[in-house]
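Peer 1: What follows is a single structure, and I will ask about it in a moment.
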Amino acid sequence: MRKLLILFVSALLPWLSVRSQKPVYKDAGQPVETRVKDLLKRMTLHEKVLQLNQYTFGENDNPNNIGTEVKNLPAEIGSLIYLHTDPKLRNQIQRKAMEESRLGIPILFGFDVIHGLRTVYPISLAQACSFNPDLVTQACGMAAKESVLSGIDWTFSPMIDVARDPRWGRISECYGEDPYLNTVFGVASVQGYQGEKLSDPYSIAACLKHYVGYGASEGGRDYRYTDISPQALWETYLPPYEACVKAGAATLMSSFNDISGVPATSNHYILTEILKNKWRHDGFVVSDWNAIEQLIYQGVAKDRKEAAYKAFHAGVEMDMRDNIYYEYLEQLVAEKKIQMSQIDDAVARILRVKFRLGLFDEPYTKELTEQERYLQKEDIALAARLAEESMVLLKNENNLLPLSSTVKRVALIGPMAKDSANLLGAWAFKGHAEDVETIYEGMQKEFGDKVQLDYEQGCALDGNDESGFSAALKTAEASDVVVVCLGESKQWSGENASRSTIALPDIQEKLLLHLKQANKPIVLVLSSGRPLELIRLEPQVEAIIEMWQPGVAGGTPLAGILSGRVNPSGKLSVTFPLSTGQIPVYYNMRQSARPFDAMGDYQDIPTKPLYPFGHGLSYTTFVYSDAKLSSLKIRKNQKITAEVTVTNAGKMEGKETVLWYVSDPFCSISRPMKELKFFEKHSLNAGESRVFRFEIDPMRDLSYTDATGKRFLEAGEFIVSVGGRKLTFEVVD
Ligand code: BGC
């Protein structure tokens with residue numbers, strides 16, 4: 001009997017040990033690909049399809065995307081847009097996924113952390129004006145930490161859509177009009193969110209959006225058709241994406257726009273041929289909100305089922321909130337319209353990101369209090385520094401700024417002077433107006449009793465109530481200098497916020513003109529989410545500062561610029577047209593066929609913009625000299641170095657960004673008149689000189705792409721320009 005028992009137990013042992021062994025996919029020691037394969041093998045089709053779906057949890061605070069809250073979340077759901085910030089709640093839902101689903105696959109919690117979560121920093125358009133990508137990396141790192149501690153693993157950011165029409169509200173969300181700036185800042189932001197490794201405790205996954213060409217929306221109207229030639233696609237819209245994919249961005253979002261007849265969300269060429277086959281991206285693509293269903297309105301799918309087929313087949317792996325994949329993918333597999341191998345590839349991509357984030361091994365987040373996780377001193381300081389470097393001094397006639405010590409009374413007038421909510425900008429849903437330092441508060445702190453600050457609102461942002469004008473004028477008359485703070489509501493930019501004119505509402509313009517009667521010098525402070533039309537205002541004022549929408553900490557930096565404690569160093573990431581009628585106007589346009597005698601220019605207004613890309617004044621003077629090249633002729637495989645000496649010839653320390661442009665005057669496919677290829681920003685003490693260098697790698701900096709994405713480097717003449725100087729050299733075969 002004993003023998004029998006021993007025999008029985010020993011027969012059972014291997015089975016018992018197999019049973020007690022962790023499945024391979026749960027073993028953190030195994031490589032990600034092994035874990036993905038192992039898990040896929042165990043999943044049913046239904047479980048797989050659930051991974052390809054994203055639902056929302058909570059009520060959406062985005063007015064463009066209201067939908068009924070999904071209750072009864074399936075424990076197997078792939079992802080949630082987490083509209084809360086409570087880590088406990090997130091952990092509860094995650095526990096359900098880990099413990100109640102058959103395989104214990106963690107949910108991926110996503111949210112739009114666009115320019116900070118609770119510690120809101122400047123909008124992206126402003127960030128790019130800092131020309132300081134390191135600061136942006138740090139700010140995104142800080143946002144990632146606040147996100148992780150709020151239960152968010154994945155942000156729908158950065159937006160790297162090159163935008164050249166400021167009527168489009170979403171211009172505020174990108175890094176301006178230039179592909180290179182969107183590239184550099186996109187990469188900086190991916191590095192900030194994702195850290196060294198996705199599995200680091202405070203890393204979150206980035207999502208490049210909106211892939212691709214959304215910025216070309218016709219007439220700046222949102223959600224519209226985009227007529228993008230293959231040449232423009234490759235040379236303008238795709239480069240930031242390619243660079244950010246190479247930098248390791250975990251995910252992308254397909255865009256709303258219809259690219260020359262094939263919507264991005266059903267575009268096999270961009271989603272599969274380019275992204276997956278050519279660039280070898282192995283993460284996944286999520287559709288934008290409702291973008292799959294919108295294929296019906298865009299006229300390429302007759303119903304939801306066809307929309308599911310088209311989006312999935314094109315290469316969209318995750319359905320954001322449409323519930324279309326959930327409804328139809330299983331049917332489409334049964335009908336053999338979609339192969340199991342395609343489903344497996346899509347699920348593997350999502351699982352890969354989850355494994356890389358470490359979600360299987362560490363599915364829960366720390367449960368700290370709001371005080372512990374938000375608005376830490378060093379985070380606010382970082383937001384302030386980024387705001388400081390983003391602000392652009394556009395005009396400074398007779399050196400009105402910094403305000404001289406003889407200024408004893410400042411009239412602070414205008415609807416933005418005490419505004420807090422609008423300084424947050426669009427896409428700051430978890431930002432609180434009460435966290436924001438206003439311009440007024442910043443100035444009070446800065447000037448203390450040295451200056452008497454008299455405030456009058458004058459008027460609201462919009463409307464036609466002029467009843468505050470006379471009090472404002474009186475205050476202006478009693479002052480030494482008038483600081484007029486005008487600008488935009490945060491609702492005037494962001495999604496679904498297109499405007500037919502980029503001018504400020506009449507009431508604001510009228511206020512400023514009214515104040516002119518006081519005959520006092522005027523500093524115009526602007527807070528906006530886009531470049532503004534200043535054709536009527538600019539001639540009336542001595543100085544203009546564009547402070548953008550700086551987030552929680554803009555008051556002190558602005559006041560620092562007014563007082564001279566801060567030397568402004570921002571430069572424009574986007575052109576300020578003289579008037580709306582000039583749009584599109586951007587620095588890297590192509591040459592006119594008759595570039596002489598003002599031919600082809602507007603008859604009624606100048607053709608030049610008011611402030612070009614790269615414009616930005618300082619309180620000191622930077623003198624450029626000794627611009628030279630290391631040689632005048634190179635072969636295609638040789639590098640060449642351009643250098644220039646920059647001297648701070650003024651009396652104040654300041655930061656200068658040196659912008660290096662390349663032009664290729666004659667080649668098979670015409671090039672823009674100039675293209676930014678490199679920049680560097682450094683601080684220089686008064687009297688200090690520094691040599692700035694740009695090492696030109698011909699294949700990287702002088703080549704160009706054709707309409708199929710093939711890169712060419714043609715022999716011939718090239719021009720490098722820096723600080724208004726031009727250096728010519730030749731490339732030979
Ligand atoms: C926007 C995206 C955003 C998504 C989720 C969409 O309406 O276009 O940029 O990430 O909503 O909120």
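The values are calculated or read from the model by the stated rules, or taken from the named source; none is laboratory data. Computed from a predicted model, the values in this text were never measured in an experiment. Reconstructed Cβ throughout: ideal geometry from the backbone, glycine too, with neighbour counts over all protein chains shown. In case anyone asks, the SASA skips ligands and DNA or RNA and just uses the protein heavy atoms, side chains included. Shrake-Rupley method; radii C 1.70, N 1.55, O 1.52, S 1.80 Å.
Peer 1: Given the structure, is Ser79 touching a helix residue (DSSP H, G or I) at 6+ places or on another chain (Cβ under 6 Å), among the hydroxyl-bearing types (Ser, Thr, Tyr) and within 16 Å of the ligand (Cβ to nearest atom)?
Peer 2: No.
Peer 1: Tell me whether region 92-112 contains one or more residues that are open to solvent by 10 Å² or more (accessible area, probe 1.4 Å) and within 15 Å of the ligand (Cβ to nearest atom).
Peer 2: yes
Peer 1: Further, regarding this structure: Return the residue satisfying two criteria in turn: it lies in region 422-437 and is more than 16 Å from the ligand (Cβ to nearest atom) and of a type in the set (A, V, I, L, M, F, W, C), and of such residues it is farthest from Arg385 (Cα to Cα). Talk me through it step by step, then tell me what you get.
Peer 2: As a first pass, look at region 422-437 and keep what is more than 16 Å from the ligand (Cβ to nearest atom): 422-424, 432-437.
Next, from what is left, pick out any that are of a type in the set (A, V, I, L, M, F, W, C): 423-424, 433, 436.
On the way: Leu423: 16, Leu424: 16, Ala433: 20, Val436: 15 Å.
Ranking the candidates gives Ala433 first.
Peer 1: Could you list all residues from region 487-510 that are away from the ligand (no atom under 16 Å from the Cβ) and assigned to a helix (DSSP H, G or I)?
Peer 2: Trp492, Asp506, Ile507, Gln508, Glu509, Lys510
Peer 1: What about Ala249, is it buried (at least 17 other Cβ atoms within 10 Å of the Cβ), within 16 Å of the ligand (Cβ to nearest atom) and part of a helix (DSSP H, G or I)?
Peer 2: Here the answer is no, as Ala249 does not meet what is asked.
Peer 1: Of the residues that sit in region 701-725 and are touching a residue at least 12 places away in the same chain (Cβ under 8 Å) and open to solvent by 60 Å² or more (accessible area, probe 1.4 Å), which one is farthest from the chain's Cα centre (by Cα)?
Peer 2: Checked region 701-725; the qualifying residue farthest from the chain's Cα centre (by Cα) is Glu717.
Peer 1: Within region 192-209, can you find the residues that are within 16 Å of the ligand (Cβ to nearest atom) and in contact with a helix residue (DSSP H, G or I) (Cβ under 7 Å, 6 or more places away or on another chain)?
Peer 2: Initial filter on region 192-209 (within 16 Å of the ligand (Cβ to nearest atom)): 193, 204-209.
Listed by number, the residues that qualify are Tyr193, Ile204, Ala205, Ala206, Leu208.
Peer 1: Search region 497-510 for residues that are closer than 18 Å to Pro584 by Cβ and pair each with any residue that is open to solvent by 20 Å² or more (accessible area, probe 1.4 Å) and in a loop (DSSP other than H, G, I, E, B) when their beta-carbon atoms are under 7 Å apart and the residues are at least 6 apart or on different chains.
Peer 2: Filtered contacts from region 497-510: Ser498/Arg167; Ser498/Arg221; Arg499/Arg167; Ser500/Arg167; Ile502/Arg167.
Peer 1: In region 167-191, what count of residues is obtained for those that are open to solvent by less than 10 Å² (accessible area, probe 1.4 Å) and in contact with a helix residue (DSSP H, G or I) (Cβ under 8 Å, 6 or more places away or on another chain)?
Peer 2: Adding up the residues that qualify gives 16.
Peer 1: Let me ask something additional. Just checking, does region 164-183 include any residue being at pLDDT 95 or above, out of contact with any strand residue (DSSP E or B) (no Cβ under 7 Å at 6 or more places or on another chain), within 16 Å of the ligand (Cβ to nearest atom) and not in a helix (DSSP H, G or I)?
Peer 2: Yes, that holds for at least one residue.
Peer 1: Return the residue satisfying two criteria in turn: it lies in region 41-66 and is within 16 Å of the ligand (Cβ to nearest atom) and part of a helix (DSSP H, G or I), and of such residues it is least open to solvent (accessible area, probe 1.4 Å).
Peer 2: Among those residues, the one meeting the criterion is Asn65.
Peer 1: Hey, another quick one. Consider only pairs whose beta carbons are under 6 Å apart and that are at least six residues apart or on different chains; among these, list those whose first residue lies in region 209-232 and is free of Cβ contacts under 8 Å to residues at least 12 places away in the same chain and whose second residue is of a type in the set (D, E, K, R) and within 16 Å of the ligand (Cβ to nearest atom).
Peer 2: Glu218/Arg224
Peer 1: If you go through region 555-564 one residue at a time, do you hit one that is in contact with a Pro (Cβ under 7 Å, 6 or more places away or on another chain), crowded, with 24+ Cβ neighbours inside 10 Å, assigned to a loop (DSSP other than H, G, I, E, B) and at pLDDT 95 or above?
Peer 2: no
Peer 1: Applying the selection to region 220-230, what residues are out of contact with any strand residue (DSSP E or B) (no Cβ under 7 Å at 6 or more places or on another chain) and either open to solvent by 30 Å² or more (accessible area, probe 1.4 Å) or within 13 Å of the ligand (Cβ to nearest atom) (or both)?
Peer 2: Taking region 220-230 and keeping what is out of contact with any strand residue (DSSP E or B) (no Cβ under 7 Å at 6 or more places or on another chain), we get 220-224, 227, 229-230.
Arg221, Asp222, Tyr223, Arg224, Asp227, Ser229, Pro230, listed by residue number.
Peer 1: Hey, among the residues in region 256-277 that are within 16 Å of the ligand (Cβ to nearest atom) and assigned to a helix (DSSP H, G or I), which one's farthest from Glu242 (Cα to Cα)?
Peer 2: For region 256-277, the residue satisfying everything is Thr265.
Peer 1: Turning to a different aspect of this structure: All but one of (1) within 16 Å of the ligand (Cβ to nearest atom); (2) part of a helix (DSSP H, G or I); (3) within 16 Å of Lys366 (Cα to Cα) hold for Glu146, so report the exception by its number.
Peer 2: (1)
Peer 1: Given the structure, is Arg280 of a type outside the set (S, T, N, Q), in contact with a helix residue (DSSP H, G or I) (Cβ under 7 Å, 6 or more places away or on another chain), open to solvent by 50 Å² or more (accessible area, probe 1.4 Å) and in a loop (DSSP other than H, G, I, E, B)?
Peer 2: no
Peer 1: Let me ask something additional. So which of Lys445, Lys430 ends up being open to solvent by 20 Å² or more (accessible area, probe 1.4 Å), outside any strand (DSSP E or B) and farther than 19 Å from Ser493 by Cβ?
Peer 2: Result of the check over Lys445, Lys430: Lys445.
Peer 1: Suppose we keep only residues that are farther than 24 Å from Met673 by Cα, of a type outside the set (Val, Ile, Thr) and assigned to a strand (DSSP E or B) within region 606-656. Which one would you say is most open to solvent (accessible area, probe 1.4 Å)?
Peer 2: Lys655
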